[in-house]
Amino acid sequence: MERIQEAIAKARATRDATPAPAARVAPTAMEPSLDSTQVGVTAAWGALSPLVIPQKLATKGRIVTISGGKEATAFDAMRTKVIQQMRANNWRRLAITSPAAGCGKTTISLNLAFSLARQPDLRSILVELDLRRPSIAQTLQFKPKAGFSQVLEGRSTFADCAVGFGNNLAIAANTGPVRNAAEMLQSSATPVCLAEIEATYAPDIMIFDMPPMLVTDDAMAFAGQVDCVLLVAAAESTTIKEVDTCEREIASQTNVMGVILNKCRYMGQEYGYGYYG
Ligand SMILES: Nc1ncnc2c1ncn2[C@@H]1O[C@H](COP(=O)(O)OP(=O)(O)OP(=O)(O)O)[C@@H](O)[C@H]1O
Ligand SMILES: [Mg+2]
């Protein structure tokens, strides 16, 4: 793993010689708001359909962060770094992507989201933006009234799509694949839709579970809408060249928060990922 880490650091040092473009400017600092809109926000969260996840399902889906404990430690550490970086930079929107398919983006997005849900002072929203191969509703075994693609198209509301886990995590998934994902993600309606969700639910963090970058241009079509991106690499399948190519592409649009090395078999009892911020 050290060799991979060194190579990533070297590739990044070369790339960092070029200054990154200015990323999206997030509206306000990540502080809980206490004005009268708080009542509306609380009501909006309270109206979401509640999600219950049986332990068996969590285990099957490799979700280890729902109740905390030893298994969740690695993800809780990642959560801390994510919160610290997002607060320090006044970032609110985080995309999670990878070079190729199957690196563990959705598993990591879900674990990060459930880890954040145990942070009572933060409201988080996980949005499934892998519109071509959605998997979250199936993994968590719930049937949303509407998919998030329908919310993006203005054919349904976030309230009909999202489910609430506790009172501070909302998950917006999809009901099936769509064909025109890239067009949808770069439509002018998309930033308006996201701003409306933020105005209604006042999330501190929105996580976007994206498709892989080297398979479709969906992730890059959406990159301008987020403040930062975490890149998931799979040990033994992702190459340094792929990581470098993707980091460069992301850095041309927004901030690279870090690279997560997932599926590290030789990490012993830990979950099997390393994080390089
Ligand atoms: N650390 C890990 N160790 C072992 N298996 C893992 C790990 N992380 C994820 N997996 C498994 O790898 C498979 C792919 O994971 P996941 O669906 O999260 O990847 P993905 O990057 O979202 O894939 P896709 O590109 O298809 O959306 C799943 O079966 C998941 O359970
Ligand atoms: Mg996925």
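The values are calculated or read from the model by the stated rules, or taken from the named source; none is laboratory data. Since this is a predicted model, take the numbers as computed values, not measurements. Quick reminder, even Gly has a Cβ in these numbers, built from the backbone with ideal geometry, and neighbours come from all protein chains shown.
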Could you please give the count of residues in the range 202-220 that are in contact (Cβ under 8 Å) with a residue 60 or more places away in the chain, surrounded by fewer than 22 Cβ atoms within 10 Å (Cβ to Cβ) and either of a type in the set (Gly, Ala, Ser) or out of contact with any Ser or Thr (no Cβ under 9 Å at 6 or more places or on another chain) (or both)?
3
Return only the number of the condition from (1) of a type in the set (A, V, I, L, M); (2) in a helix (DSSP H, G or I); (3) in contact with a strand residue (DSSP E or B) (Cβ under 9 Å, 6 or more places away or on another chain) that Val41 does not satisfy.
(3)
Reported set for the range 128-173 where residues are more than 14 Å from ligand 2 (Cβ to nearest atom), closer than 20 Å to Phe222 by Cβ and assigned to a helix (DSSP H, G or I) is Ser149, Gln150, Val151, Leu152, Phe158, Cys161
Looking at the structure I just gave you, is Ala72 away from ligand 2 (no atom under 16 Å from the Cβ) and in contact with a helix residue (DSSP H, G or I) (Cβ under 9 Å, 6 or more places away or on another chain)?
yes
Look at Ile125 and say whether it is touching a residue at least 12 places away in the same chain (Cβ under 8 Å), surrounded by 23 or more Cβ atoms within 10 Å (Cβ to Cβ) and within 16 Å of ligand 2 (Cβ to nearest atom).
no
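Being of a type in the set (S, T, N, Q) and more than 6 Å from ligand 1 (Cβ to nearest atom) is the filter; apply it to the range 87-106 and report the residue that is farthest from Ile125 (Cα to Cα).
This residue is Asn89.
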Of these, Ser109, Ser135, which one is surrounded by fewer than 19 Cβ atoms within 10 Å (Cβ to Cβ), in contact (Cβ under 8 Å) with a residue 24 or more places away in the chain and within 9 Å of ligand 1 (Cβ to nearest atom)?
Ser135
From Ile83, Ile63, Ile53, grab the single residue that is within 16 Å of ligand 1 (Cβ to nearest atom), surrounded by fewer than 23 Cβ atoms within 10 Å (Cβ to Cβ) and under 30 Å from Met220 (Cα atoms).
Ile63
Given (1) among the small types (Gly, Ala, Ser); (2) surrounded by 17 or more Cβ atoms within 10 Å (Cβ to Cβ); (3) part of a loop (DSSP other than H, G, I, E, B), where does Ala72 come up short, assuming only one miss?
(3)
Restricted to the range 93-118, and to residues that are under 11 Å from the mean Cα position of the chain (by Cα) and among the basic types (Lys, Arg), which residue is farthest from ligand 2 (Cβ to nearest atom)?
Arg93
Residues of the range 138-151 satisfying the condition of being within 25 Å of Val192 (Cα to Cα) and either within 16 Å of ligand 1 (Cβ to nearest atom) or of a type in the set (Gly, Ala, Ser) (or both)
Ala146, Gly147, Phe148, Ser149
Can you tell me which of (1) touching a residue at least 24 places away in the same chain (Cβ under 8 Å); (2) under 20 Å from Ser98 (Cα atoms); (3) assigned to a helix (DSSP H, G or I) is the one Lys241 doesn't meet?
(1)
In the range 203-221, residues that are part of a helix (DSSP H, G or I) and among the hydrophobic types (A, V, I, L, M, F, W, C) total 3
Across the range 166-185, the tally of residues that are surrounded by fewer than 21 Cβ atoms within 10 Å (Cβ to Cβ) and closer than 15 Å to Ile207 by Cα stands at 1
Quick test for you: out of Ile108, Ile83, pick the one residue that is at pLDDT 95 or above and closer than 17 Å to Leu129 by Cβ.
Ile108
